[in-house]
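For reference, the structure is listed below as structure tokens.
The values are calculated or read from the model by the stated rules, or taken from the named source; none is laboratory data. Values in this document were obtained by computation on a predicted structure and should not be read as measured data. In this analysis, Cβ positions are derived from the backbone assuming ideal geometry, glycine residues included, and neighbour counts consider all displayed protein chains. Please note that ligands, DNA and RNA were not included when accessible areas were found on the heavy atoms of the full protein model with its side chains. Shrake-Rupley method; radii C 1.70, N 1.55, O 1.52, S 1.80 Å.
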Amino acid sequence: MTSPSDPPGSVPPRGTEPQVGPAAAGIAALANAGWQILLTMGLATIALGVIALVWPGETLRVVGVLFGVYLLATGVFQLAAAFGTHVPRHLRVLHFITGAVSVLLGLVCFRGPLESVFLLALWIGFSWLLRGTLETVAAASDQTMPARGWHVAFGIIGTMAGIVMIVMPFASIATLTLVVGVMAIVVGLTEVVRAIRTRVQIGHLADGTTPQRRPLFHARPHVQH
């Protein structure tokens, strides 16, 4: 307890600070691990973006192989679902056909980098085309949709991008790789900045010096006559 003669803002003597409980210590440890994970993810994202910009050909080959693995795994699961007892009989044929096609396309991806990149570009192009068409039709038919004009614009852009991806698959996928590389670097830098700011805020909270704005005018006691 401070005496009236103590100056304002004096620090209480050592030993009177509140003890940190196990819950507060656990929260501090969790926050400390959080900024470290965010920093690691940011640096890894920057590294991936740099790799995509410096070696776009090798990046496409790796992505093509991963795409082939994805198709194989999807096809195996679809084939397993086709013979499952919980699947209705009229859906077993559909699961079998989609599974067989996915396995076939996955095996084609492993024949060479050109085949995998070509199939990946067609996959992206048809998905953009389908999504853009559905979004445009839905926004044009529903006059009560919020931000209807934006949905129509994005739908048309997605449709056009899908058509370009299908017509020029190799050039489009190379351009998309460069765009993804630049975006990855930007996102990684943002995550690194957020991690550093989080670390600084945790340090302020640990020291008990939470930054606050000082008032423009300080109230001083009037001298009593």
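Observations on the model:
- Leading residue by the ranking (least open to solvent (accessible area, probe 1.4 Å)) among those in the range 150-184 that are in contact with a helix residue (DSSP H, G or I) (Cβ under 8 Å, 6 or more places away or on another chain) and over 30 Å from P113 (Cα atoms): G155
- Within the range 92-99, the presence of a residue that is more than 17 Å from G181 (Cβ to Cβ), open to solvent by less than 30 Å² (accessible area, probe 1.4 Å) and of a type in the set (A, V, I, L, M, F, W, C) is excluded.
- Taking the range 119-134 as the range and being open to solvent by less than 80 Å² (accessible area, probe 1.4 Å) and closer than 13 Å to F67 by Cβ as the test, the residues that pass are L119, L120, A121, L122, I124, S127.
- Residue match in the range 121-135 (condition: assigned to a helix (DSSP H, G or I), in contact with a His (Cβ under 9 Å, 6 or more places away or on another chain) and at pLDDT 85 or above): yes
- Residue within the range 66-84 that is within 24 Å of V187 (Cβ to Cβ) and open to solvent by 40 Å² or more (accessible area, probe 1.4 Å) present: yes
- Taken as a whole, the condition of being in a helix (DSSP H, G or I), buried (at least 18 other Cβ atoms within 10 Å of the Cβ), at negative phi and among the polar types (S, T, N, Q) does not apply to Q36.
- Tabulated pairs, the range 47-71, first on the phi < 0 side of the Ramachandran plot, second of a type in the set (G, A, S) and surrounded by fewer than 19 Cβ atoms within 10 Å (Cβ to Cβ), C-beta under 8 angstrom, 6+ apart or interchain: P56/A174; L60/A174
- Scanning the range 178-193 for residues that are touching a Leu at 6+ places or on another chain (Cβ under 6 Å) and over 12 Å from L43 (Cβ atoms) gives a single hit, G181.
Here is a yes/no grid of residues against (1) assigned to a helix (DSSP H, G or I); (2) farther than 17 Å from W123 by Cα; (3) at pLDDT below 75; (4) touching an Asp or Glu at 6+ places or on another chain (Cβ under 8 Å):
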residue: A25; (1), (2), (3), (4): yes, yes, yes, no
residue: L71; (1), (2), (3), (4): yes, no, no, no
residue: G84; (1), (2), (3), (4): no, yes, yes, no
residue: G106; (1), (2), (3), (4): yes, no, no, no
